[in-house]
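Okay, so here's the structure we're looking at.
Taken together, the values in this text are just the output of simple stated rules run on the coordinates, not laboratory data. Note that the coordinates shown come from a computational prediction; the quantities given were computed from them, not determined experimentally. Note that we place each Cβ from the backbone using ideal geometry, even for glycine, and neighbour counts take in every protein chain shown.
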Amino acid sequence: MIRRILPALAGLALLAFLISPGSFAPLFQPFTRNNAPAIYTQTSLLSLTLSHLAIVALAVAASTVAGLVLAILVTRGAGREFLPLARTVTAVGQTFPPVAVLALAVPVLGFGTGPTLVALFLYGLLPVFENALAGLSNQPAPVAEAARAMGLTPRQRLWQIDLPLALPLLLAGMRLTAVISLGTATIGSTVAARTLGEVIIAGLLSSNTAFVLQGGLVVGILAVLIHHAFQAAEVRARRRMGLD
Amino acid sequence: MIEIRHLTRVYDGVPVVNDVSLTIGTGELAVLVGTSGSGKTTLLRMINRLVQPTSGQVLVEGVDTATLPAHLLRRRIGYAIQGHGLFPHRTVAQNIATVPRLLGWPRARIDARVDELLALFQLDPATFRNRMPHQLSGGQAQRVGVARALAAKPDLLLMDEPFGALDPLIRAKAQADLRAIQQKLGTTLILVTHDMQEAVDLGDRIAVMDGGRLLQYDHPARILTQPAAPFVRDLIGATDRPLRLLSLKTVGDLAQPGDAEGPAIPPEATLHDALAECLWTGRTALPVQGGGIVTLDALRAEARPR
Ligand SMILES: Nc1ncnc2c1ncn2[C@@H]1O[C@H](COP(=O)(O)OP(=O)(O)OP(=O)(O)O)[C@@H](O)[C@H]1O
Ligand SMILES: [Mg+2]
């Protein structure tokens with residue numbers, strides 16, 4: 001019960017705050033000094049949040065497609081030889097600091113959303129790829145054998161057996177990627193992407209803790225909600241196969 | 001009819017199936033026996049080309065299987081394995097429907113077939129149709145696995161130790177069911193087992209393998225009475241031979257006129273059962289249901305090679 005009620009309450013509070021941030025001013029007042037504004041009003045928090053979410057969704061979708069396709073390619077036929085290479089590439093993507101990616105991408109792509117998407121895409125590739133890989137390669141041997149023996153073609157095996165069986169692990173990978181990206185996206189504001197990082201940076205520049213706090217809180221609650229949604233989907237997929 | 005001609009499979013320079021030839025008539029049940037690692041599974045998997053033969057041919061109804069696309073060949077050959085290999089993300093009905101769906105059967109025909117098979121294997125369709133594999137007992141999952149292998153009415157059914165995981169009671173039941181279903185559908189069947197009694201009970205013919213070679217391929221009675229090699233005799237188990245021989249015939253085959261005391265034995269009981277009954281009740285003759293008797297002397301004569 002608690003596991004459902006808490007996220008629901010957090011979601012409601014977040015929604016109320018985004019629709020009418022002004023009503024929450026008294027809560028944030030204690031964190032301001034010298035009568036500075038308690039609520040960020042330069043840009044509407046709701047539109048920043050939506051833009052933040054859109055960037056993250058786009059990046060996660062791109063990482064998922066790329067990670068999954070890569071995992072499919074290196075688990076069959078001639079692609080197997082490229083498995084070590086693919087692992088290295090995705091691992092490098094994860095270790096390379098997103099800030100450095102931003103710095104390198106700006107001269108090429110200019111300021112705005114582009115560099116942020118690239119940074120998030122690279123940063124999020126590893127969890128999806130590794131999880132998809134585990135899901136595609138750790139199939140029970142009798143199941144794989146039965147699929148072949150029934151006369152499914154390689155393509156039918158991929159769509160009808162391999163991918164559905166890998167789904168729970170793939171969802172877990174997407175969950176990690178989404179949560180990581182949600183936090184990391186804030187740095188996009190340093191290169192003029194419209195994310196919630198704008199609120200945090202404004203707070204840092206004007207020494208207004210209230211701004212930093214509300215930017216951080218919105219991102220934090222979003223992360224909890226998204227984590228929860230993915231986990232629920234994952235549990236459902238696992239239950240269906242009797243894995244839990 | 002299945003003809004296996006000079007089939008060989010070499011792994012790392014070692015032949016694990018070595019020049020095996022045998023023919024299985026339509027509607028016959030052939031049992032493959034042999035020690036662990038003797039090449040039974042490999043032989044079976046070469047028939048549906050899960051394993052590519054190094055040399056030799058498999059002919060199904062006179063057609064060389066190497067000339068057919070592997071996935072189309074496999075849709076005509078049912079395959080049931082130990083550990084059933086049911087697809088965990090699909091319901092029982094969807095699992096059974098796998099090959100009919102691949103073959104593009106109409107929906108109504110598939111549904112009817114699924115229910116027919118569930119009923120045949122004594123699984124109530126309404127209860128089991130929509131269950132997931134993890135909601136089945138081992139024995140139920142095993143039966144669904146066999147039902148799935150039979151779904152598209154294959155000409156040929158391959159079974160690799162299908163009853164290995166079952167307890168003795170369910171196992172006996174599953175064996176009897178399999179035999180009845182096989183006779184009813186007229187399916188040609190090749191079954192691998194480690195259980196010599198199962199081989200004798202089920203097989204029209206038994207193929208004995210050792211070290212990749214086929215040592216003997218014959219009717220159970222001849223395998224028992226005229227083993228072609230010491231290995232075959234050892235595999236049968238010399239002490240159990242007479243009892244296995246008795247289990248090949250029924251009381252009906254041996255009934256003779258006469259009178260005897262005590263409860264009657266059904267004519268479809270095996271001679272093995274009749275002997276046990278004689279010993280247990282201390283009788284030298286048993287009345288047979290529907291007339292006649294079976295005597296201990298006659299049983300004794302049947303338990304010896306002739
Ligand atoms: N893919 C493979 N690569 C190398 N050797 C193999 C391969 N598959 C099977 N073998 C070997 O071939 C031999 C025969 O194996 P097979 O599985 O056919 O035996 P089996 O008679 O079915 O044994 P069991 O009764 O234990 O199931 C074994 O020695 C096995 O190690
Ligand atoms: Mg085997």
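Placing unit charges on each Cβ (+1 for Lys and Arg, -1 for Asp and Glu) gives the stretch B:2-238 a dipole about its Cα centre, and among B:Thr188, B:Asn48, B:Leu86 the Cα reaching farthest toward its positive end belongs to B:Leu86. When chain B is treated as a Gaussian network with alpha carbon springs shorter than 10 Å, the biggest mean-square fluctuation among B:Pro100, B:Pro257, B:Pro227 belongs to B:Pro257. Stokes-Einstein diffusion for the stretch A:46-240 at 25 °C, viscosity 0.890 mPa s, with a Kirkwood radius from C-alpha pairs, works out to 136 µm²/s.
For chain A, the longest principal axis of the C-alpha atoms and the axis of helix A:83-95 are separated by about 10°. Note on B:Ala303 and A:Ser137: with the Förster distance fixed at 60 Å, the Cβ-Cβ geometry gives a FRET efficiency of about 0.65. Reported to the nearest whole Å, the Cα centre-to-centre distance from the stretch B:146-187 to the stretch A:133-169 is 25.
Taking the Cα centre of the stretch A:46-240 as reference, the dipole from Cβ charges on Lys and Arg (+1) and Asp and Glu (-1) amounts to some 540 debye. Mind telling me which of B:Arg75, B:Arg49, B:Arg109 comes out most flexible in a GNM of chain B, alpha-carbon contacts under 10 Å? In the Gaussian network model the winner is B:Arg109. Between B:Val63 and B:Leu103, the FRET efficiency estimated from the beta carbon spacing at R0 = 22 angstrom works out to 0.75.
Look at the stretch B:89-96: the mean tally of other chain Cβ atoms within 10 Å of its residues' Cβ atoms is 3. Considered as an equivalent ellipsoid built on the Cα gyration tensor, the stretch B:245-302 has semi-axes of 14, 12, 10 Å, the largest given first.
Magnitude of the charge dipole for chain B, about its Cα centre and with charges confined to Cβ atoms of Lys, Arg (+1) and Asp, Glu (-1), is about 1080 debye.
Projecting each Cα onto the charge dipole of chain A (Lys/Arg +1, Asp/Glu -1 at the beta carbon, about the Cα centre), which of A:Gly67, A:Val118, A:Gly220 comes out farthest on the positive side? The listed residue farthest towards the positive side: A:Gly67. Under the criterion of Cα pairs below 8 Å and six or more residues apart, the relative contact order for the stretch B:203-296 equals 21 percent. Modelled this way, with points 7 Å down the Cα-to-C-beta line, the labels at B:Gln256 and A:Ser47 are 10.7 nm from one another. Size descriptors for the protein assembly as shown: radius of gyration and Dmax over Cα atoms are 34.0, 119 Å. At a Förster distance of 60 Å, what's the computed FRET efficiency of B:Thr284 paired with B:Arg5, Cβ-Cβ distance as r, to 0.05? Here the calculated transfer efficiency is 0.70. Residue separation of A:Val108 and A:Val65 scaled by 0.36 nm, minus their Cα-Cα distance, works out to 13.1 nm of gained length. In this rough spin-label picture, where each label sits 7 Å from Cα along the Cβ direction, the A:Leu6-B:Asp155 distance is 6.3 nm. Calculated mean residue ellipticity at 222 nm for the protein assembly as shown: -16500 deg cm²/dmol, from DSSP H runs with n ≥ 4 weighted as -39500 (n - 2.57), summed, divided by the residue count and rounded to 500. In the stretch A:6-126, the inverse of the mean reciprocal separation of distinct Cα atoms equals 17.7 Å; this is its Kirkwood hydrodynamic radius. How high is the relative contact order of chain B, in percent, counting Cα pairs under 8 Å that sit 6 or more residues apart? Over chain B, the number comes to 19 percent. Dividing the mean sequence gap of close Cα pairs (under 8 Å, 6+ apart) by how many residues chain A holds gives a relative contact order of 25 percent. Have a look at B:Asp234, B:Asp160, B:Asp12 and tell me which one the Gaussian network model of chain B (Cα, springs below 10 Å) gives the largest fluctuation. Result for chain B, Cα springs under 10 Å: B:Asp12 fluctuates most. Backbone amide hydrogens, once placed in the peptide plane, bring B:Thr54 within less than 5 Å of B:Thr8, B:Arg9, B:Val10, excluding anything fewer than 5 places away on its chain.
Placing +1 on the Cβ of every Lys and Arg and -1 on the Cβ of every Asp and Glu, with no other charges, gives the stretch A:156-244 a dipole of roughly 300 debye about its Cα centre. Ordering B:Gly262, B:Gln226, B:Leu103 by Cα displacement along the dipole of the protein assembly as shown toward the positive end leaves B:Leu103 in first place; charges were set at the Cβ atoms of Lys, Arg (+1) and Asp, Glu (-1).
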